[in-house]
Amino acid sequence: MPPAHTGALVIPGASTASSPEPLSPGRPGYRRMSLALFAAGLATFALLYSTQALLPAVSAGFGVTAGQASWTVSAATGALALFVLPLSALSERFGRTRMMTCSMVVAVGIGLLVPFAPGLEWLVALRAVQGAAIAGIPASAMAYLAEEVRPKELVGAIGLFVAGNSIGGMSGRIVTGWGAQLWGWRGGLLAVGMMALVCAVAFLVLLPRARFFRPASLNPRAVGRTVAGHLRDPLLLRLYGIGALFMTVFGAVYTVIGYRLVEAPFSLGQGLVGSIFLIYLVGTASSAAAGQLVARTGRRGALYLAVTTTALGLLLSLADSLWLILPGLVLITAGFFAGHAVASAAVSRTAKTGRAQASALYQSAYYLGSSAGGTLGALAYHASGWAATVGIALLAVLGVVSITLYGSRAARAERRLPATAAAAR
């Protein structure tokens, strides 16, 4: 009888005894894989938001408004949102490591060109291409981990990659902020580009080759059917809307907060404004605690708590005291990350098939929310100040509450249906 299929890659002529086993802690390659993907997450998310802490300096350098400068962030996140689904499909054909490598090389290469953009139009265009390149990394990385890591250890491996994302987003803003204070905003962008280059080299050197990937033929019709099925699922649509609205709040607040803090009565330096993003560490903790929160209150209870926390933070941020604004930012960050963790985890549990496409659609909605929030928040600030930006964010919070309430009513209606049918019989 032929040997039973184990899911490992069997090379013709080789014995099954030498077939590779999935990676797990303590086995060769696991530490290299973990460090490589941590470096990838750090580099790409440092690049993705590299201009956010520098927007006041970019405005001054090019003589443009906050709304115009905000496109240097929105173009990158918007392009990521548009390209994450098609690039995740291409990784099914050409391989996870190849897709991640190409994406990393292009993103870092553009990161080294961005500081030399001669005008705002060039800067926005380069950032859009950079965002499209970065889109090839998150979905491919998740699929690579699912294929190469022992299922029992998968959550921990994904957690380390997400930690790299979070720390990258935070450190990129801090590095650019202090770099801008020392060498100007172009120097700040060059500093984060060099940091990303070091991380990219580490990624290319450390990442183990894929051993379990099997290329699949590209079937646009099959992908289209899967995506259409997800977009017809009411619960998934609600989760996509929640992710987009939460990110609208976050994008609006963190795109504009730098403008507010460099102006009177605060008049903070660019380095200190960049250091504000250390508050991201609060979000890392709140997202890690989201699982326990759901276990105690349920998914909708956790979402209500997240939006309440976010709304309280927004109201606190209206004060003209730094000692109230900072706690406000802490609450906004904690609420956002908790809500995002709850919604994104629910997507994976809800999708019974095509989980990669379901997650890619969530990421698309999430980053479209970031683009919308950054642009609308900056336009509102330019027109009427910080209170208008908070108004945009509170409308998004109200949207999350409305969707969650609708979901609660829909769930109660579904629970009543079996009882009604039984009574009819």
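Values for this structure:
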{"read-out": "Candidates Phe246, Phe212, Phe266, filtered to the one that is under 26 Å from Thr310 (Cα atoms) and in a loop (DSSP other than H, G, I, E, B)", "value": "Phe266"}
{"read-out": "Members of segment 79-124 that are of a type in the set (Gly, Ala, Ser) and at negative phi", "value": "Ala79, Ala81, Ser88, Ala89, Ser91, Ser103, Ala107, Gly109, Gly111, Ala117, Gly119"}
{"read-out": "Unique match (being within 21 Å of the chain's Cα centre (by Cα), surrounded by fewer than 22 Cβ atoms within 10 Å (Cβ to Cβ) and either in a helix (DSSP H, G or I) or of a type in the set (Phe, Trp, Tyr) (or both)) among Tyr280, Tyr304", "value": "Tyr280"}
{"read-out": "Residue under evaluation Pro234, criteria (1) open to solvent by 50 Å² or more (accessible area, probe 1.4 Å); (2) within 27 Å of Leu379 (Cα to Cα), criterion not met", "value": "(2)"}
{"read-out": "Count of residues meeting criterion [without any contact (Cβ under 8 Å) to a residue 40 or more places away in the chain and assigned to a helix (DSSP H, G or I)] in segment 372-397", "value": "5"}
{"read-out": "Index of the failed condition, Gln181 passing every other in (1) in a loop (DSSP other than H, G, I, E, B); (2) open to solvent by 30 Å² or more (accessible area, probe 1.4 Å); (3) at pLDDT 80 or above", "value": "(1)"}
{"read-out": "Any hit, segment 345-366, residues being small (Gly, Ala, Ser) and under 30 Å from Val58 (Cα atoms)", "value": "yes"}
{"read-out": "One residue from Ala372, Ala343, Ala290 being surrounded by 17 or more Cβ atoms within 10 Å (Cβ to Cβ) and modelled with pLDDT of 90 or more", "value": "Ala372"}
{"read-out": "Matching residues in segment 60-78 - criterion: being out of contact with any His (no Cβ under 7 Å at 6 or more places or on another chain) and open to solvent by less than 10 Å² (accessible area, probe 1.4 Å)", "value": "Ala69, Ser70, Thr72, Val73, Ser74, Ala76, Thr77"}
{"read-out": "Residue pairs meeting the criteria (Cβ under 7 Å; at least 6 apart or on separate chains; first touching a residue at least 12 places away in the same chain (Cβ under 8 Å), in segment 274-296; second among the aromatic types (Phe, Trp, Tyr) and open to solvent by less than 20 Å² (accessible area, probe 1.4 Å))", "value": "Gly283/Phe336"}
{"read-out": "Residue in segment 376-403 that is nearest to Ser344 (Cα to Cα), counting only those that are polar (S, T, N, Q) and surrounded by fewer than 22 Cβ atoms within 10 Å (Cβ to Cβ)", "value": "Ser402"}
{"read-out": "Leu190, sole failed condition from (1) surrounded by fewer than 18 Cβ atoms within 10 Å (Cβ to Cβ); (2) under 23 Å from the mean Cα position of the chain (by Cα); (3) in contact (Cβ under 8 Å) with a residue 24 or more places away in the chain", "value": "(1)"}
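The values are calculated or read from the model by the stated rules, or taken from the named source; none is laboratory data. Here the structure is a predicted model, which is why all the values come from computation and not from measurement. Glycine gets a Cβ as well: all are built from the backbone with ideal geometry, and neighbour counts include every protein chain shown. Each accessible area value is taken on the protein alone, full model and side chains, heavy atoms only, with ligands, DNA and RNA left out. Shrake-Rupley method; radii C 1.70, N 1.55, O 1.52, S 1.80 Å.
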